[in-house]
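Working notes for the structure below.
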Amino acid sequence: MNQQQRETIERIKQHAERQIWVTFRKEGIHKYPAAATDPALATGDEYDVSFLGSPHRHIFHFRVWIDVFHNDRDIEFIQFKRWLENLYAGGTLELNYKSCEMIADDLYLQIAGRYPDRAVWIEVAEDGENGCLIKYELSRPAQSIKI
C-alpha cells in the first residue's frame, strides 16, 4: 500500500459515521381498539384481525442505534442498555395500548433528552416477528471526501 492509499483510508476512517446498538425486551399488554369495529380490520374472513381490539400480551423486542463520535466507548453499551431498560422498569415510559411506532417515538424523546444532537434509530417488534424501524436523523451537510 502506498502513502496516498494510506492517507485516503485515514480520511475515510475520520469521516465515517459511527453508531452503536443495543437490544432488550419488555413484556407488555396492548390493544388496537379500532380493530374491533373498523370494517377494513374486522372483515369476518381470513384477514380478520378484530381480536386485536382486546388487550393481548407481547414480548416487545427493541433494538436501538445511536450515533457515537469516537471509537473508545463514547456511550458504553451496557450502561446505555441498562438505562433504556430502567425507563420501563421505573415507570418513566409505559407500553400501554400503543403501537410499535408510538412506543418508538416515546423512547426517542427520552434518548434525545439525555443524548442530544445524535441520530437515533429505533426498532420495536412484537414478539420479534412484526414491527417498525424509525430513523430519527439529523440534518447533516453533505461531506465531500476525495478518494
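A short reminder: the numbers here are calculations on the coordinates, not readings from a lab. Being a predicted model, the structure only gives us computed values, none of them experimental. We place every Cβ from the backbone using ideal geometry, glycine too, and count neighbours over all the protein chains shown.
Here are some notes:
- 18 Å reach of a label modelled at W21, 7 Å along Cα-to-Cβ, counting backbone N of the range 27-69: 60-69
- Averaging Cα coordinates gives a centre for the range 88-109 and one for the range 1-74; these two points are 13 Å apart.
- Range in the chain, longest, excluding exposed chymotrypsin sites (Phe, Trp or Tyr not before Pro) [loop by DSSP; at most 11 other beta-carbon atoms within 10 Å]: 70-147
- Local charge for N96 was computed over the other residues whose Cβ lies under 10 Å away, with Lys and Arg +1 and Asp and Glu -1, and equals 0.
- Label zone (S54, point 7 Å along Cα-to-C-beta; backbone nitrogen cut-off 19 Å) within the range 83-98: 97-98.
- Along the chain, counting only GluC sites (Glu not before Pro) with a DSSP assignment other than H, G, I, E or B and at most 14 other Cβ atoms inside a 10 Å radius, the longest segment between sites is 95-128.
- Between 0 and 90°, nearest 10: helix 100-114 axis offset from the chain longest Cα axis: 40 degrees
- Two-site label geometry, E46 and E129: point separation in nm, points 7 Å out along Cα→Cβ: 1.7 nm
- Remark: spin-label model distance I78-A119 equals 2.9 nm, labels positioned 7 Å along the Cα→Cβ axis.
- Loop trypsin sites (Lys or Arg not before Pro), the range 60-142 (other Cβ atoms within 10 Å of the site Cβ: 13 or fewer; DSSP): R73
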